[in-house]
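First comes the structure, then the notes that go with it.
What follows is calculated from the coordinates using simple rules that are stated; it is not laboratory data. What you see is a predicted model; the values in this text were computed from it and never measured. So basically every Cβ, Gly included, is an ideal-geometry build from the backbone, and we count neighbours across all protein chains shown.
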């Protein structure tokens, strides 16, 4: 597993729109359909990445807490399913159910959405305010597999609390770190 840091999309960027298939329901879902007037979290995840597996239990807990507070969550996998079949839509559906995802888990087969968000790794997190402007991008917290640091979600929680309370975001935002997105060979 090659450690890759997220790219830091400029704060204030308007969320790129998308419509992608949800691997659980089978429906095509657009960002506009799920966006919240409070805050919306767009996450790039995949099934097999040890960094995603490491944060999954806390991510599910965090999402459930903030969904109850009116925050929308959506996960997207953009990995090349030809060369990484464990990240294909059929396996994504199973993964979402087994992990208790309370949010859509969409498949970005063309990888166009990942490119629009300048996503680089899994997990990668983007928080948008009620106007769908980027207010936070980066890590869920400082924990990594085998780091000995507990998974708390503190960075993502702080960003969500700030947007919900109308407070300024932390000036320093640390990039997420994980496996690189598995890009298709051109």
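In terms of overall dimensions, the C-alpha atoms belonging to the chain reach 43, 39, 32 Å along their principal axes, ordered largest to smallest.
Run the paramagnetic zone check for residue 30: 7 angstrom along Cα to Cβ, then residues of segment 117-133 with backbone nitrogen under 20 Å. The answer is 117, 128-133.
Taken over the C-alpha atoms, segment 1-88 has Rg and Dmax values of 14.2, 39 angstrom. With a bin width of 10 angstrom, please list the P(r) values of segment 89-186 as percents of all Cα-Cα pairs, from the 0 bin to the one holding the largest distance. For segment 89-186, the pair-distance distribution reads 13, 37, 39, 11, 0.
Among beta bridges identified by DSSP and lying wholly in the chain, the antiparallel ones come to about 70 percent.
What's the FRET efficiency of residue 149 with residue 37 using the Cβ-Cβ distance as r and R₀ = 30 Å, to the nearest 0.05?
Values: r = 34 Å, r/R0 = 1.13.
Between residue 149 and residue 37 the formula returns 0.30.
Taking 0.36 nm per residue of separation and subtracting the Cα-Cα distance, full extension of the segment from residue 174 to residue 17 would add 54.1 nm.
Between residue 131 and residue 65, the FRET efficiency estimated from the beta carbon spacing at R0 = 22 angstrom works out to 0.45.
Net length available on complete extension from residue 94 to residue 111 is 4.0 nm, with 0.36 nm assigned per residue and the Cα-Cα distance removed.
Taking label points 7 Å from Cα along the Cα-to-Cβ direction, residue 164 and residue 118 give a separation of 2.8 nm.
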